[in-house]
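The values are calculated or read from the model by the stated rules, or taken from the named source; none is laboratory data. Note that this is a predicted model, so its numbers are computed, not measured. Counting neighbours? That spans all protein chains shown, and the Cβs are built from the backbone with ideal geometry, glycine included. Please note that ligands, DNA and RNA were not included when accessible areas were found on the heavy atoms of the full protein model with its side chains. Shrake-Rupley method; radii C 1.70, N 1.55, O 1.52, S 1.80 Å.
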Amino acid sequence: MKKNGILNSEIAKVLTDLGHTDQITIGDAGLPVPNGVKKIDLALALGEPTFIRTLEEVLKDMAIEKVILAKEIQTDNPNQEEAVLRLIGDVEIEYVSHSEFKKETEQSKAIIRTGEDSPFSNIILQSKVIF
């Protein structure tokens, strides 16, 4: 049995397979998943697991160089944006409209669905090379 890191085998596999600039998305319970993009559904109930808790665990295992957020998070969910900014540290951030964000998810290797029930709690993480 795996001792450290993410125990979810689907998430662990996706992270292991990422190359430089590959992307994954972590989304709230309502984010649509485009056809052809792998969906990893963690949602247990409304609000569980939270977006932030899921992001915390993924960031422990993934080197990121850039994130994409919907600009609507700035006005419609500023507390969530603040929590994201604390977690990601000094990483490039791109803000796009929510409709553009949904189009961008088509490039993701996988979308991790959480039970999060607050608006615009979605992030695209772009993989960084570790050497």
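Computed over Cα pairs, the Kirkwood radius of the range 21-67 leads via Stokes-Einstein (0.692 mPa s, 37 °C) to a diffusion coefficient of 272 µm² per second. Protection proxy ranking, highest mean first, for peptides 93-99, 67-73: 67-73, 93-99, where packing is the per-residue count of other beta-carbon atoms within 10 Å, averaged. Solvent exposure of the chain amounts to 54 Å² per residue of accessible area, where only protein heavy atoms count and the probe is 1.4 Å. Result for the chain in a Gaussian network model with C-alpha springs under 10 Å: among D117, D17, D41, the largest mean-square fluctuation is at D17.
When the helices of the chain are scored as -39500 (n - 2.57) per DSSP H run of n ≥ 4 and the total is divided over every residue, the value at 222 nm lands at -9000 deg cm²/dmol. Pairs of lysines in the range 11-131 whose Cα atoms sit within less than 20 Å of one another amount to 20, provided the residues are eight or more positions apart or on different chains. A value for Rg/Rh (Cα atoms, Kirkwood Rh) was derived from the coordinates, and within the list [x] 1.03; [y] 0.93; [z] 1.17 it appears as [y].
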